[in-house]
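Shown next, in structure tokens, is the structure this report addresses.
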Amino acid sequence: MKIQHVVMAATLAVASEVRVSMQDQTSSHEAKLHVEEPVWPNNGVAERELGDGKESWPENMFVEHSDGRWIVWVLLSSESGRSKAMDFFSGEIQDVKINKSDGDNDSFVDSRGATHMSDGLLGFRCKEIGPGGVIGNVTFNESSLRFNREIAYAPILEVSQRISPDGKTIIWRKVPLFEESPSDSPYSEWSSFMSRGMDLHDGTMLVTGGRYVFRVREEDLTPVGHALHLHVVNEADVKRVIDKAEAGDIDDAHGLLTDELHLN
């Protein structure tokens, strides 16, 4: 009998802990459900830079909701656990220590010792979008445009497309061109491969390419504000430039793109 009482007591204790844990989770979940969707700042900024795009680049993004404030953090790639985190909307960059214990770079400790982390219940998720990654009705890096192989150093340009909600109609196909040349270079080298993206739940998204983070509209990929280094061009216009390069004696594909598409 004594053994039975001990077993029953242990069972009741475990059950009680489980109930408390479930109540805590439910309470936390309900609290998150009552958090209003963020209204992101309309500050006219649609482009930020983090890293150099060669040795380091924007690797991850997450949304933090703390003390009534919404922040989109962008983390720089790092092999050491020491990195930089940027508040996209303010542009503030700080040195941080990334917490990689769970395999995801979605939390860090700032220089003051405060921990910042993503909350999955909020529904914001950074995802890889190349090749063929989808955010909303937009498919990124869906196909490629290539110059003739005889044209040296010509970029391979990635085409993104938007399809209708029923999945039956292609609404547009565009090439999001951004400068991949070093910041101090007088020449433009164009790239279009978008590597990561995150839906901001307001008809806009953040996407990363090279050293840049852009905020663009899902409707047409145009930047939501000032983005000096991003040009969104129709696929047909890029094809026209490629055809011209192949028909003539062109050895500078980047320069031809700049001139023909008025990218300066």
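The values are calculated or read from the model by the stated rules, or taken from the named source; none is laboratory data. Quick caveat: nothing in here was measured; it's all calculated off a predicted structure. Here the Cβ positions follow ideal geometry from the backbone for every residue, glycine too, while neighbour counts run over all protein chains shown.
Quick notes on this structure:
- Total residues in region 211-264 satisfying the condition of being over 24 Å from residue 134 (Cα atoms) and of a type in the set (S, T, N, Q): the figure is 2.
- Where strands (runs of 3 or more DSSP E) fall wholly inside region 196-235, the ranges with 3 or more residues that are within 20 Å of residue 181 (Cα to Cα) and at pLDDT 95 or above are 204-209, 212-217, 230-234.
- Residue under evaluation residue 142, criteria (1) part of a helix (DSSP H, G or I); (2) under 27 Å from residue 61 (Cβ atoms), criterion not met: (1)
- Tally, over region 178-194, of residues that are outside any loop (DSSP other than H, G, I, E, B) and at pLDDT 95 or above: 3
- All of (1) out of contact with any Lys or Arg (no Cβ under 9 Å at 6 or more places or on another chain); (2) closer than 22 Å to residue 211 by Cα; (3) not in a loop (DSSP other than H, G, I, E, B) hold for residue 70 with one exception: (2).
- For residue 127, the conditions (1) closer than 20 Å to residue 210 by Cα; (2) among the basic types (Lys, Arg); (3) at pLDDT below 90 are fulfilled apart from (3).
- Answer residue from region 107-135, given it is aliphatic (A, V, I, L, M) and part of a loop (DSSP other than H, G, I, E, B) and is nearest to the chain's Cα centre (by Cα) among those: 129
- All positions within region 42-61 that are over 18 Å from residue 128 (Cβ atoms), among the acidic types (Asp, Glu) and touching a residue at least 40 places away in the same chain (Cβ under 8 Å): 47, 49, 52
- Residue in region 136-159 that is surrounded by the most Cβ atoms within 10 Å (Cβ to Cβ), counting only those that are β-branched (Val, Ile, Thr) and under 19 Å from the mean Cα position of the chain (by Cα): 138
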